[in-house]
């Protein structure tokens with residue numbers, strides 16, 4: 001095992017075995033409520049999907065970790081008794097200035113035909129789903145959006161469409177290629193599948209919204225971390241030069257899984273410009289962003305029908321920055337964090353200021369990273385909202401020129417600030433490596449020690465157009481499960497697989 005060491009300049013070092021995931025298993029109580037469990041929040045400056053001249057704040061939120069793509073016959077749906085919210089907040093205090101509430105229709109009664117076992121592929125007709133809600137899509141779910149400003153709530157969208165799950169190429173063919181693998185990496189809106197395109201909607205107040213299943217965009221070798229520092233996460237070979245890095249033996253523990261997601265494009269012209277201080281870039285102007293999920297206080301079970309919910313809304317989960325609650329806050333306070341608002345985050349500041357992660361790294365690897373008096377980490381995480389500089393131009397996206405998974409650490413800046421986390425967060429930002437590098441290099445940052453977990457990219461490319469998150473994995477074929485006949489491991493079955501099989505028996509494939 002190599003030792004971590006700090007030196008002047010950039011030092012590529014061994015991976016660190018600490019519990020770092022974005023927010024998939026952040027607290028004991030919410031672990032029991034997967035449909036309300038937030039996994040990731042992204043917020044970054046871009047342009048409206050149908051108007052490149054209009055600058056927008058993109059906010060993408062995912063819930064329901066480890067959603068199995070082939071979990072038929074029902075497949076995962078948004079909870080119909082939860083309120084999913086996007087909060088625009090003061091980046092300095094965490095106080096809410098604007099909120100969007102997403103509420104979803106019944107998860108049990110949206111059927112055309114209850115005389116079949118199938119939710120998709122057989123409604124009033126049998127066959128592949130061509131358009132959302134057609135006769136072959138038996139179950140459909142919709143949602144409404146309420147905009148809350150200065151305490152005034154206004155419904156700004158109703159009966160909004162939701163894209164179906166990726167059942168497979170026989171049922172949802174437009175999601176998939178000829179091999180039944182989800183099509184990824186669209187660079188223009190027209191290249192997205194028809195289900196995704198037709199579920200993009202515009203609200204009465206001109207924001208753009210989308211909701212549906214997506215592939216899990218987070219990447220990290222969490223399984224190796226928790227297996228008492230599995231040897232595969234050691235000897236990080238990541239590179240700053242290529243913007244992606246070279247993976248060692250790390251395995252993305254989230255590959256092949258799906259999530260449920262909802263997304264917003266908010267015109268920047270409609271947002272306030274608030275002052276805040278960045279530990280890395282000095283005075284900035286912009287907004288804070290976080291997400292929450294709430295449930296009503298009372299839930300009544302009935303032997304004659306579905307449960308009913310009543311009473312005031314109670315927050316059960318929230319998420320701003322990646323990894324804060326999951327990797328910094330102690331078990332004693334994890335559930336309390338989820339029930340509180342960012343305005344009270346000073347009570348959690350000790351978990352950033354006194355970094356248990358740094359202490360663990362020092363113990364395991366014999367380093368001397370500063371574990372206390374970490375005002376730099378307090379500045380990043382308290383209050384726990386994503387701070388987004390809204391004065392910059394649109395930031396580079398994963399796959400575009402100039403993008404770097406480590407943001408400013410890799411020279412990827414926009415308007416003098418990092419293009420990615422901790423200035424907002426983009427898809428493809430390697431937040432685990434960025435966070436560990438900050439822990440290792442602060443509080444002075446006189447030298448930068450790049451530390452990582454040996455996984456530097458997602459299992460599939462992201463789309464470069466709204467809603468950006470990858471196409472949901474297909475039930476029968478995804479990058480988590482072995483593909484029958486996929487001998488060469490390229491995710492598809494073809495002539496190259498046949499050639500390998502024939503060669504095993506002494507045949508030469510022409």
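Points to keep in mind about this one:
- Considering 407, 344, 402, the condition of being closer than 28 Å to residue 90 by Cβ, surrounded by fewer than 16 Cβ atoms within 10 Å (Cβ to Cβ) and at pLDDT 95 or above is satisfied by 344 alone.
- When the strands (runs of 3 or more DSSP E) confined to the range 1-82 are screened for residues that are closer than 17 Å to residue 100 by Cβ and modelled with pLDDT of 95 or more, those reaching at least 3 such residues are found at 38-48, 51-67.
- Any hit, the range 97-108, residues being more than 30 Å from residue 123 (Cα to Cα), modelled with pLDDT of 95 or more and over 22 Å from the mean Cα position of the chain (by Cα): yes
- Residue-level analysis places residue 133 among those that are under 29 Å from the mean Cα position of the chain (by Cα), without any contact (Cβ under 8 Å) to a residue 40 or more places away in the chain and either in a loop (DSSP other than H, G, I, E, B) or closer than 18 Å to residue 81 by Cβ (or both).
- Among the residues of the range 203-232, the ones that are buried (at least 16 other Cβ atoms within 10 Å of the Cβ), more than 20 Å from residue 40 (Cα to Cα) and at pLDDT 95 or above come to 2 in all.
- Search result, residues across the range 410-423 that are in a loop (DSSP other than H, G, I, E, B) and either more than 21 Å from the chain's Cα centre (by Cα) or surrounded by fewer than 20 Cβ atoms within 10 Å (Cβ to Cβ) (or both): 411, 415, 416
- Single match in 467, 461, 394 (criterion: in a loop (DSSP other than H, G, I, E, B), over 18 Å from the mean Cα position of the chain (by Cα) and either surrounded by fewer than 23 Cβ atoms within 10 Å (Cβ to Cβ) or in contact (Cβ under 8 Å) with a residue 24 or more places away in the chain (or both)): 394
- Note on the range 281-321: residues that are touching a strand residue (DSSP E or B) at 6+ places or on another chain (Cβ under 7 Å) and assigned to a loop (DSSP other than H, G, I, E, B) amount to 3.
- Residue 167 satisfies every condition listed in (1) surrounded by 15 or more Cβ atoms within 10 Å (Cβ to Cβ); (2) assigned to a strand (DSSP E or B) except (2).
- For the residues 155, 205, 116, the requirement of being assigned to a loop (DSSP other than H, G, I, E, B), without any contact (Cβ under 8 Å) to a residue 24 or more places away in the chain and touching a strand residue (DSSP E or B) at 6+ places or on another chain (Cβ under 6 Å) singles out 116.
- Any pair with Cβ under 6 angstrom, 6 or more apart, that starts in the range 309-328 at a residue that is farther than 19 Å from residue 64 by Cα and ends at one that is modelled with pLDDT of 95 or more and in a loop (DSSP other than H, G, I, E, B): 309/81
- Of 329, 316, all but one fail to be under 24 Å from residue 422 (Cα atoms) and crowded, with 16+ Cβ neighbours inside 10 Å; the exception is 329.
- Considering (1) at pLDDT 95 or above; (2) closer than 21 Å to residue 37 by Cβ, the lone condition that residue 307 does not fulfil carries the number (1).
- Scanning the range 372-384 for residues that are under 28 Å from the mean Cα position of the chain (by Cα), assigned to a loop (DSSP other than H, G, I, E, B) and free of Cβ contacts under 8 Å to residues at least 40 places away in the same chain returns a single hit, 382.
- Here the range 256-280 is the region considered, the condition is being in contact with a strand residue (DSSP E or B) (Cβ under 9 Å, 6 or more places away or on another chain) and in a loop (DSSP other than H, G, I, E, B), and the residue that is nearest to residue 145 (Cα to Cα) is 271.
Results for (1) modelled with pLDDT under 90; (2) out of contact with any strand residue (DSSP E or B) (no Cβ under 8 Å at 6 or more places or on another chain); (3) not in a loop (DSSP other than H, G, I, E, B), shown as yes or no for each residue.
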residue: 429; (1), (2), (3): no, yes, no
residue: 435; (1), (2), (3): no, yes, yes
residue: 443; (1), (2), (3): no, yes, no
residue: 453; (1), (2), (3): yes, yes, no
residue: 492; (1), (2), (3): yes, yes, no
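- Count - residues of the range 91-105 that are touching a helix residue (DSSP H, G or I) at 6+ places or on another chain (Cβ under 9 Å) and either part of a loop (DSSP other than H, G, I, E, B) or surrounded by fewer than 20 Cβ atoms within 10 Å (Cβ to Cβ) (or both): 4
Let's see how each residue does on (1) touching a strand residue (DSSP E or B) at 6+ places or on another chain (Cβ under 8 Å); (2) surrounded by fewer than 17 Cβ atoms within 10 Å (Cβ to Cβ); (3) under 20 Å from residue 203 (Cβ atoms):
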| site | (1), (2), (3) |
| --- | --- |
| 23 | yes, no, no |
| 41 | yes, no, yes |
| 47 | yes, no, yes |
| 51 | no, yes, yes |
| 55 | yes, no, yes |
| 59 | yes, no, yes |
| 65 | yes, no, no |
| 70 | no, no, no |
| 78 | yes, no, yes |
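- Residues in the range 179-198 that are out of contact with any helix residue (DSSP H, G or I) (no Cβ under 6 Å at 6 or more places or on another chain), part of a loop (DSSP other than H, G, I, E, B) and under 20 Å from residue 459 (Cβ atoms): 179, 180, 181, 183, 184, 185, 186, 187, 192.
- Any hit, the range 352-370, residues being crowded, with 23+ Cβ neighbours inside 10 Å, under 26 Å from residue 81 (Cα atoms) and in contact with a helix residue (DSSP H, G or I) (Cβ under 8 Å, 6 or more places away or on another chain): no
The values are calculated or read from the model by the stated rules, or taken from the named source; none is laboratory data. Bear in mind that the values here come from a model prediction, so they are computed numbers and not experimental data. When we count neighbours, we look across all protein chains shown, and the Cβ atoms used for this are built from the backbone with ideal geometry, even at glycine.
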